[in-house]
Amino acid sequence: MIPYARIRRRFLIRCAVVPFLFLIAGRTFAQAPATPEPPAAPQPPADSTATSTEAAAPTEVVKMEEFDVTTKIDTYHMATSDMATKIPMDLKELSSSLSILNQTAIQDRDAVTLTDVTNYVTGATASQASANGFSFRGFANTGSYTQNIQIDGLQGTTLKKGGTTTANVDSIEFLKGPNIVLYGQMNPGGLMNVVTKSPMETEQTDFRFTVGTFAGQFDAPGAKQTTTVTLDNTGPVGNSTHLFYRMILDEDSSPTSRPGNYDHDFAIFPSLTYKFSPDTSFTIKIEDNRDFRHQDDGLVPIFTHGTAYGPTATYFVAPYNTMYNDNEDKATDQGEALSTFFHTLLPGGWTFRMQTRSVYHQDVVRELTVNNANVYSPTAKNASPTSLFRRQYNYVKNGHRYDYGDMNIFRTFDFGLVKDTVLLGAGGGGEFFGNARLAFGPNQLLNQAIHITDPILDQVVYPADGTGATNQLTYQTAAGEYLSNQFKVGDKLHLSAGVRHDLQKVHGENTLQPGLTLFDNKLSAYTRQVGVLYDATPEISPYVSWSQSLKPQTTIAFDATGNSAFPPESGQQWEGGLKFETPDRNFNATVAVYEINRTNVVVASGTNFTVATGNAQVGQAISRLDGEQQSKGLELETQWQPMPNWQLQGGIAFDRPIIADSITNPQTVGLDIANAPRRSGNFWTRYNIPVGELKGVGFGVGTIYNGESWAGDPTTTVYYRLSGYVRWDSSIYYSWKRINFSLNCQNVFDKRYISGAQSANTLNVGEQRKLIFSLDRRF
C-alpha cells in the first residue's frame with residue numbers, strides 16, 4: 001500500500017477524533033462551578049455570651065447514596081431485529097433462523113473478543129482465532145475475504161486475522177443460511193452481523209477492567225496475565241437536545257496460553273449523532289484498531305503408521321505447549337473505518353435509510369512458518385515420530401480496502417385483510433485486495449531443521465527477501481438492486497418474497513509480471529428467496545423457506561493451467577421449522593431442519609506450482625473446480641427465564657456437511673468437509689440468589705460441545721479425524737451500588753483439546769484453564 005495514502009488516512013482519522021476529545025473536555029469544564037464556593041461563615045468569638053446551643057453550628061445532614069442490591073437478570077432474549085428482512089420485525093414472525101447474543105449475554109460470559117462467544121451460538125463453530133475463523137452449518141468462512149461478516153449491515157472488518165474486540169459491540173446477530181437478496185455475495189452457511197454501539201441521549205460512563213491468569217497444566221496462576229481496560233463515555237454535547245456523542249477507548253493484552261505468545265490490541269471508537277427530529281437523524285462512526293501479536297502456527301500431526309488419510313490414519317501431537325515459531329515471528333493487524341447512517345420519514349409514510357462504510361485494512365506476517373513447508377527429513381509427505389522439520393520463510397503483506405453503501409425505502413400498505421410491507425433498495429461499491437508476498441521461501445536447509453517433538457528455536461536468522469515474490473492486486477466492483485415484500489394475511493399467515501440482481505466485475509494483475517497476469521471476470525445474476533410462516537396458535541408457528549447465495553471466486557486461486565477464471569460459486573437452502581413462544585415471552589424455542597447445496601466449489605489440490613504457469617507464479621497453490629457440497633441438519637435452540645433472577649440459554653445441532661458430487665474425485669462423495677463437526681451444542685445459565693445474606697451473589701455455568709470432525713481435504717492425500725471435546729465454563733457475580741464484579745473460569749477442568757485445523761498440516765490448540773476477574777463501574 002502507498003505510504004502517502006496511509007499517512008493521509010491516519011491524518012484524517014486523527015482530525016476526526018480530536019474534536020471528540022475537545023467535546024468531552026468541554027463538557028467537563030462546562031459542568032465545573034463557574035465561581036469558587038463562598039468561604040465558610042466566621043465562628044462566634046470565644047467570649048460570646050450566646051448559649052452553647054445558640055453558638056453551635058447547624059448539624060450538617062449527609063445523605064448517603066441509596067442503592068439496592070438487585071437480583072434481577074436482564075433478559076438474553078431479543079424480541080425484534082431488522083437483520084433478516086432489513087425492516088424491524090418480531091423474531092417469531094421470521095421464516096428463517098436468527099440467533100442473537102445481546103450485550104448482557106456477552107458480558108455474562110466475560111467475552112473479550114467475538115471468538116470467545118462464537119461457540120455459544122447454535123450451528124456455529126470457531127476453529128481459528130481470526131475474525132472470520134468460524135463455520136456456519138458446516139461451511140467455513142475462512143479465507144482472504146470476509147463476506148460473511150457484516151458490521152452494522154455492511155461488510156468490511158478493520159481486523160481480519162486478529163480477534164475483534166467486544167468493547168464496541170452492542171449485540172451479535174447470526175442469520176443462518178443464504179441471504180444474498182439483502183446482503184449480496186456470501187458463503188451459504190450464514191451471516192454474522194456485529195451491531196456496534198451508538199451515541200445515547202442520556203449521559204453515561206462505563207469503566208471496565210479485567211485481569212486474567214492461566215491456571216492449567218502448563219502455567220501456574222500468575223505466570224502469564226491478560227488485562228483489558230475499557231472506557232465508554234456517551235451523552236449529549238453540552239446541553240444540546242440534538243447532538244449526542246460516544247467515545248470508547250479500549251486496550252487489551254490477551255495472549256494465548258501458548259509459551260511466548262503475546263497479543264496487544266488498541267482501539268478507539270468515536271461516534272456522533274445529530275437528531276434533527278424524532279424521525280430524522282444522522283450518525284457517523286469511526287473505528288481505529290491496532291493489533292500486535294506473536295505468530296503461532298499451532299501443532300503438527302505426527303502420523304504413526306505412514307498414512308495420513310481416512311479412518312485408519314493414526315497420529316499424535318507434541319506436548320500442547322510445544323512451539324514451532326521463533327520469538328521473532330510476528331504478525332500485525334491494523335485498520336480504520338468510517339461509517340455513516342441517515343434515516344428519515346418521507347411524505348406518504350415511506351421510511352428512507354442510507355448508510356456507507358469505508359475500511360482501510362492491512363495485515364502483515366513475517367515468520368518461519370510451519371504451514372507452508374511440508375518438508376521433512378527423512379523425506380516424506382507427512383511428519384513421522386522421528387522427523388526433523390524444515391520450516392519455510394514467509395513474509396506477506398495484505399492490504400484491503402472496502403467502500404460500500406446501501407440505500408433503501410420501505411412502507412407498509414394496508415389493504416384490509418392483507419398488509420404488505422414493501423422494501424426497495426440498491427447497494428454496492430468497490431473493493432481492493434493487495435496480496436504482496438515479499439518472500440515465499442526458501443525452505444530451511446537440513447542443518448537448520450528443528451525436531452518435530454523437541455524443537456530448539458531461535459537458532460537462525462531470516463533469509464533475504466525475494467524468493468517466490470508476488471504482488472497480486474485485485475479490484476472488485478459490485479452493484480445490486482433488490483425488492484422484498486413482507487405480507488401479513490389476516491392474523492395468522494406471514495409470507496415473504498425477495499429478488500435481487502447483481503452485477504460484478506473483478507480484474508487485476510501481478511505487478512511483478514503485468515504482461516502475463518492480467519485477468520478480468522464479470523458476473524451478472526439474479527437470486528431469490530421466499531418464505532411462509534403460519535401462527536397455528538398464539539404460541540406455535542411452523543414455517544418453511546427457500547433462499548439462494550452467490551459468490552465470485554477469489555482471483556488468487558489458479559487451476560493447473562494457471563487460469564483464475566473459475567465460475568462463481570452458488571448455493572441454495574431449504575429450511576423448515578417450528579417456533580414456540582409463551583405469551584410472557586419468558587420461554588422461546590426454535591426447531592429447524594435444513595438442506596444446503598453448494599455448487600462450483602473450488603478446492604486446493606494439495607500441490608504448488610514448481611514453474612510459472614499462466615497467471616500463477618512458483619510456489620502458489622494449484623486449485624481445481626470440484627462438484628457439489630451438501631449440508632443437512634437439525635438445530636434446536638432455546639432460552640428460558642423462569643424467574644427474574646434465573647435464566648437459561650442453549651442449543652444443539654446435528655449436521656452432516658459432505659461432498660455430494662465430485663467431477664474428478666468421485667470416490668470422495670459422502671466424505672465429511674473439514675472443520676465441520678456432525679454434532680455440537682452449547683448451554684449457559686445464570687442464577688442470582690434472591691434473599692438472605694448472600695442476596696445479589698450470582699452464579700453462571702456454561703458448556704461447549706463439539707463432536708468429532710475432520711482435518712485436511714478428502715480430495716487430497718491428507719485427511720484425518722479430529723477428536724471431539726467438551727469444555728466447561730463458570731462465573732461468580734456480585735453487584736454493589738453501580739459496580740459489577742465477576743470471577744470467570746474458562747475451561748474449568750483444564751480440558752486439553754484441539755479446537756480445529758488451521759490447514760491440512762497445522763492444528764489449533766484449545767486454551768487451558770483461565771481465571772478472569774472483572775470490574776465494571778457505571779457512572
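The values are calculated or read from the model by the stated rules, or taken from the named source; none is laboratory data. Only a predicted model underlies this, so the values are computations on that prediction, with no experimental measurement involved. A quick note on method: Cβ atoms are made from the backbone with ideal geometry, for glycine too, and the neighbour counts reach across all protein chains shown. Each accessible area value is taken on the protein alone, full model and side chains, heavy atoms only, with ligands, DNA and RNA left out. Shrake-Rupley method; radii C 1.70, N 1.55, O 1.52, S 1.80 Å.
Observations on the structure shown:
- Scanning region 691-717 for residues that are at pLDDT 90 or above, open to solvent by 20 Å² or more (accessible area, probe 1.4 Å) and more than 22 Å from the chain's Cα centre (by Cα) yields a total of 5.
- Subset of region 297-339 [small (Gly, Ala, Ser) and not in a strand (DSSP E or B)]: GLY298, GLY306, ALA308, GLY310, ALA313, ALA318
- Note on region 674-763: enclosed strands (runs of 3 or more DSSP E) holding 3 or more residues that are within 19 Å of GLY138 (Cβ to Cβ) are 679-688, 698-706, 709-712, 719-722, 754-759.
- Residues that are open to solvent by less than 50 Å² (accessible area, probe 1.4 Å) and closer than 30 Å to GLY576 by Cα, drawn from region 501-534: HIS501, ASP502, ALA525, THR527, GLN529, GLY531, LEU533
- Candidates VAL317, VAL364, VAL370 - the one that is within 24 Å of THR164 (Cα to Cα) and of a type in the set (A, V, I, L, M): VAL364
- Check on ASN233, open to solvent by less than 20 Å² (accessible area, probe 1.4 Å) and assigned to a strand (DSSP E or B): no
- The set of residues in region 625-668 that are surrounded by fewer than 17 Cβ atoms within 10 Å (Cβ to Cβ), outside any strand (DSSP E or B) and touching a residue at least 40 places away in the same chain (Cβ under 8 Å) comprises PRO644, THR664.
- Filter pass, ARG437 being in a strand (DSSP E or B), touching a residue at least 12 places away in the same chain (Cβ under 8 Å) and surrounded by fewer than 18 Cβ atoms within 10 Å (Cβ to Cβ): no
- For GLN639: the one exception among (1) under 17 Å from ASN119 (Cα atoms); (2) touching a Pro at 6+ places or on another chain (Cβ under 7 Å): (2)
- Checking THR210, THR227 one by one, the residue that is polar (S, T, N, Q), open to solvent by less than 10 Å² (accessible area, probe 1.4 Å) and not in a loop (DSSP other than H, G, I, E, B) is THR210 and no other.
- Cross-chain or 6+ apart pairs with Cβ under 9 Å, region 463-490 first and on the phi > 0 side of the Ramachandran plot and of a type in the set (Gly, Ala, Ser), then in a strand (DSSP E or B) and open to solvent by 40 Å² or more (accessible area, probe 1.4 Å): GLY466/LEU438; GLY468/ARG437; GLY468/PRO442; GLY490/VAL418
- Condition met for THR283 (open to solvent by 50 Å² or more (accessible area, probe 1.4 Å), among the hydroxyl-bearing types (Ser, Thr, Tyr) and either modelled with pLDDT of 95 or more or not in a strand (DSSP E or B) (or both)): no
- Sub-7 Å Cβ pairs linking a first residue in region 583-600 that is within 30 Å of ILE659 (Cβ to Cβ) to a second residue that is part of a loop (DSSP other than H, G, I, E, B) and hydroxyl-bearing (Ser, Thr, Tyr), at least 6 apart or interchain, are THR590/SER97; ALA592/SER97, ordered by first then second residue.
- Extreme residue, nearest to the chain's Cα centre (by Cα), among residues of region 404-421 that are of a type in the set (D, E, K, R) and surrounded by fewer than 18 Cβ atoms within 10 Å (Cβ to Cβ): ARG411
- Residue identified as open to solvent by 20 Å² or more (accessible area, probe 1.4 Å), at pLDDT below 90 and of a type outside the set (Ser, Thr, Tyr) among ASP116, ASP152: ASP116
- Condition check for LEU424: open to solvent by 40 Å² or more (accessible area, probe 1.4 Å) and among the hydrophobic types (A, V, I, L, M, F, W, C): yes
- Residues satisfying the stated conditions in region 250-280, i.e. assigned to a loop (DSSP other than H, G, I, E, B) and open to solvent by 30 Å² or more (accessible area, probe 1.4 Å): SER254, THR256, PRO259, GLY260, TYR262, PRO278, ASP279
- Members of region 194-253 that are in contact (Cβ under 8 Å) with a residue 60 or more places away in the chain and β-branched (Val, Ile, Thr): VAL194, THR196, THR205, THR210, VAL211, THR213, THR226, THR228, THR230, VAL237, ILE248
- Only listed residue being buried (at least 21 other Cβ atoms within 10 Å of the Cβ) and either in contact with a Gly (Cβ under 9 Å, 6 or more places away or on another chain) or not in a strand (DSSP E or B) (or both), chosen from THR537, THR561, THR590: THR590
- Just one of the numbered conditions (1) modelled with pLDDT of 95 or more; (2) among the hydrophobic types (A, V, I, L, M, F, W, C); (3) outside any strand (DSSP E or B) is not true of VAL530: (3).
- Selection within region 593-618 - out of contact with any Phe, Trp or Tyr (no Cβ under 8 Å at 6 or more places or on another chain), in a loop (DSSP other than H, G, I, E, B) and open to solvent by 30 Å² or more (accessible area, probe 1.4 Å): THR610, VAL611, ALA612
- For region 718-731, the criterion of being closer than 24 Å to PRO644 by Cα and either modelled with pLDDT under 90 or buried (at least 17 other Cβ atoms within 10 Å of the Cβ) (or both) is met by at least one residue.
- One residue alone among THR477, THR470 is in contact with a Lys or Arg (Cβ under 9 Å, 6 or more places away or on another chain) and open to solvent by 50 Å² or more (accessible area, probe 1.4 Å), and that residue is THR477.
- Of everything listed in (1) within 23 Å of the chain's Cα centre (by Cα); (2) over 28 Å from LEU101 (Cβ atoms), the single unmet condition for ALA676 is (2).
- So ARG366, is it closer than 30 Å to LYS275 by Cα, out of contact with any helix residue (DSSP H, G or I) (no Cβ under 9 Å at 6 or more places or on another chain) and either part of a strand (DSSP E or B) or not hydrophobic (A, V, I, L, M, F, W, C) (or both): no
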